[in-house]
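Please read the structure below before turning to the comments.
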Amino acid sequence: MRVGVYVDGYNLYYSMRRLCGRGTAGWRWLDIRALANSLINPGYWPDARIDKIVYCTARIPDARFTVSFAYREEKGSDVNVASHLLLDVLEGAVDAAIVISNDSDLQFPIQQARLRVPVGTVNPGPTQTAGRLKGDPDDGVGRHWWGRLTEAQVKSSQLTGPVAGYVKPTEW
C-alpha cells in the first residue's frame with residue numbers, strides 16, 4: 001500500500017511548539033519520514049509503506065526579525081495540503097493518505113479523499129481534534145483512523161547528525 005503523507009507545516013510547527021515547549025530544545029530537528037513511519041498502525045494498514053511526503057508551509061508576511069514582535073498569518077499551507085492530497089488521490093498516485101494537521105478547513109478535501117482511499121488524520125497538537133475533521137472509520141472505502149501526535153513521537157523522530165552540511169543548532 002503506497003501511503004502519501006501530507007503535512008501542514010505551519011500547523012505542525014505551532015502545535016509542536018505548544019506540545020513540547022516553546023523554549024525547550026530537542027524537537028525542532030524533525031525527521032518527517034521517521035515521524036510518518038511512527039504513525040502508521042500496522043493493525044489498520046498492514047502492508048503500508050511511505051511512498052511520498054508533501055510538506056507545505058507558509059511564510060511569515062512582512063516579518064521583521066530585528067524586533068520583538070512579528071505578526072503571523074497563515075497563507076496557504078492548508079490549501080496546498082488539500083490540493084496535493086486530492087490530486088494524488090484522484091490520479092491514483094497513492095493508495096492511502098496520512099494528513100498531519102488539525103485545521104478544520106481541511107474537512108472537505110479529507111472527506112472526499114476518504115471516499116476513495118483510507119485516510120489517517122493526525123492532530124499534531126495538545127488540543128482536541130477539530131470536530132470537522134472527525135468521521136467514521138467506515139466512511140467511504142473505510143479503514144480510516146485518527147491519532148494525536150505525542151511529545152515522545154516528536155522527540156524520537158529527530159534527524160541524526162548534519163543534514164546536507166547543516167548542523168542542528170544546540171537550542172533546537
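The values are calculated or read from the model by the stated rules, or taken from the named source; none is laboratory data. Please read these numbers as outputs of a predicted model, since none were measured by experiment. Backbone-built Cβ (ideal geometry, glycine too); neighbour counts: all protein chains shown. To get the accessible areas, we keep the full protein, side chains included, count just its heavy atoms, and leave off ligands, DNA and RNA. Shrake-Rupley method; radii C 1.70, N 1.55, O 1.52, S 1.80 Å.
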message = So for each of 48-54, 83-89 I average, over its residues, the number of other beta carbons within 10 Å; can you give me the resulting order with the highest mean first?
response = 83-89, 48-54
task = Pop a pseudo-label 7 angstrom from the Cα along the beta-carbon direction at both residue 132 and residue 172 and give the gap in nm to one decimal.
result = 3.3 nm
request  = Round to the nearest 10 and report in Å² the accessible area of residue 121, as given by a 1.4 Å probe over the protein chains' heavy atoms.
outcome  = 0 Å²
inquiry  = What is the sum of charges, Lys and Arg at +1 and Asp and Glu at -1, for the other residues whose Cβ falls under 13 Å from the Cβ of residue 108?
reply    = -1
request  = Determine the distance separating the Cα centre of the range 94-136 from the Cα centre of the range 13-39; give it in Å without decimals.
outcome  = 19 Å
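For 10, 55, give me the order by solvent-accessible area with a 1.4 Å probe, most accessible first, ignoring ligands, DNA and RNA.
On the way: 10 40, 55 115 Å².
So, going from the largest accessible area down, we get 55, 10.
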ask   = How much accessible area does residue 145 have with a 1.4 Å probe, in Å² rounded to the nearest 10?
value = 20 Å²
remark   = Once normalised by the length of the chain, the mean sequence separation of its alpha carbon contacts under 8 Å that are 6 or more apart gives a contact order in percent of 31 percent
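When the accessible area of the chain is split by element with a 1.4 Å probe, what percent falls to carbon and sulfur? Before the final figure, lay out the partial values.
Working: 4700 of 9110 Å².
Heavy-atom surface of the chain belonging to carbon and sulfur, 1.4 Å probe: 52 percent.
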task = Answer with a single label: of (1) 13.5; (2) 12.9; (3) 10.6, which was calculated as mean projected area of the Cα convex hull in nm² from the structure in view?
result = (3)
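Less than 15 Å Cβ to Cβ from residue 24, Lys/Arg counted +1 and Asp/Glu -1: what total charge do the surrounding residues give? Walk me through the intermediate numbers first.
On the way: positive: 17, 18, 22, 28, 155, 168; negative: 151, 171.
Value of the local net charge: +4.
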ask   = Around residue 158, what is the net charge, scoring Lys/Arg as +1 and Asp/Glu as -1 over all other residues with Cβ under 11 Å from its Cβ?
value = +2
ask   = With every protein chain present, what accessible area does residue 18 have (1.4 Å probe, heavy atoms only), rounded to the nearest 10 Å²?
value = 140 Å²
query = How many nm is it between the label spots at residue 52 and residue 158, if each spot is 7 Å from the Cα in line with the beta carbon?
reply = 3.2 nm
inquiry  = At 1.4 Å probe radius, can you tell me the per residue accessible area of the range 84-132 in Å²?
reply    = 39 Å²
